[in-house]
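Notes to accompany the following structure.
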Amino acid sequence: MFNDEVKQQLKDILVNMKRDVYALYFEQKEDEGTQVTKAMLEDVANIADKFKVEYYTLDSLEAKEHNIDKNGGLTLVSKDKKANGIKFYGPPAGYEINSFIHSILDLSQAHVHEIENEILERIKSINKKIDIKVFVGLQCPHCPGAVISAHTLAKLNDNIQAEMVEASIYTELSQKFAVSSVPRIIINDGIGDLLGNQPIEEFLKTIEGI
């Protein structure tokens, strides 16, 4: 999947992992997109000792526990494998390798994602169920930032689920929300709707208005 140069770059980054991170991958049928995702996961697992991959079907108890409802979905979790709302649908390849690696490092406590106390308190005070879908294209340089913001919200509040959705793979979902450009951020099935790489403050403003 990755060439030798990229593998070395990833190895240099992931050597900083402090704790094990698990990728739980869910598949009902194989297609081109799932092949790419699995190849990516296997490459990263071979590069980083603290990165583990487990495979499940969509009808498994684990899929229900982590609320994975689309073929080829994956979630990144800590060693306790507790659901945290961080999900990827479609291969986190291209520019999205950045959001993927960011979540791995974040969960492994390799770095601290610094957030102002005021923003952190607003995130933690969200007491309603929030579902965030960030539609992306793998060649979109602005998409990873939106995905990272969404996943950060999910990591910090159990009421929030956030998923990266590769728009060209999940075409029915893209059509449902009339996605014509990315990143497109759909919150609670369209009650909230943002376009572009929005900062966490804009996510919060929209969520608080729901």
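The values are calculated or read from the model by the stated rules, or taken from the named source; none is laboratory data. Note that this is a predicted model, so its numbers are computed, not measured. Virtual Cβ from ideal backbone geometry, glycine too; neighbours counted across all protein chains shown.
Please enumerate the residues belonging to region 107-121 that are among the acidic types (Asp, Glu) and outside any helix (DSSP H, G or I).
Step one: of region 107-121, the residues among the acidic types (Asp, Glu) are 114, 116, 118, 121.
114, 116, listed by residue number.
Mind checking which strands (runs of 3 or more DSSP E) fall wholly inside region 122-210 and carry at least 3 residues that are outside the structural domain of residue 82 (by TED's automatic domain parsing) and over 25 Å from residue 105 (Cβ atoms)?
184-187, 192-195
Tally up the residues in region 43-80 that are in a strand (DSSP E or B) and closer than 24 Å to residue 153 by Cα, please.
So the count comes out to 8.
Of all residues in region 11-55, count the ones that are more than 24 Å from residue 65 (Cβ to Cβ) and surrounded by fewer than 18 Cβ atoms within 10 Å (Cβ to Cβ).
Adding up the residues that qualify gives 13.
Somewhere in region 81-102, is a residue charged (D, E, K, R) and part of a loop (DSSP other than H, G, I, E, B)?
Initial filter on region 81-102 (charged (D, E, K, R)): 81-82, 87, 96.
Among the residues that remain, those that are also part of a loop (DSSP other than H, G, I, E, B) are: 81-82.
Scanning region 81-102 turns up at least one residue that is charged (D, E, K, R) and part of a loop (DSSP other than H, G, I, E, B).
Of the numbered conditions (1) in contact (Cβ under 8 Å) with a residue 60 or more places away in the chain; (2) outside the structural domain of residue 23 (by TED's automatic domain parsing), residue 90 satisfies every one except a single condition; which is it?
With respect to (1) in contact (Cβ under 8 Å) with a residue 60 or more places away in the chain; (2) outside the structural domain of residue 23 (by TED's automatic domain parsing), residue 90 is out only on (2).
Would it be correct to say that residue 133 is touching an Asp or Glu at 6+ places or on another chain (Cβ under 6 Å) and surrounded by 20 or more Cβ atoms within 10 Å (Cβ to Cβ)? Quick ask: steps written out before the conclusion?
Details: touching an Asp or Glu at 6+ places or on another chain (Cβ under 6 Å): yes; surrounded by 20 or more Cβ atoms within 10 Å (Cβ to Cβ): yes.
So residue 133 passes the test.
If you go through region 97-131, how many residues are under 30 Å from residue 50 (Cα atoms) and not acidic (Asp, Glu)? Working first, answer last.
Step one: filter region 97-131 for residues under 30 Å from residue 50 (Cα atoms), giving 97-116, 120, 123-124, 131.
Now narrow it down to the ones that are not acidic (Asp, Glu): 97-105, 107-113, 115, 120, 123-124.
So the count comes out to 20.
So is residue 64 among the charged types (D, E, K, R) and surrounded by 18 or more Cβ atoms within 10 Å (Cβ to Cβ) or not?
no
Go through region 174-203 and give me each residue that's in contact (Cβ under 8 Å) with a residue 60 or more places away in the chain and exposed (fewer than 14 other Cβ atoms within 10 Å of the Cβ).
Once the filter is applied, which keeps residues that are in contact (Cβ under 8 Å) with a residue 60 or more places away in the chain and exposed (fewer than 14 other Cβ atoms within 10 Å of the Cβ), region 174-203 yields only 201.
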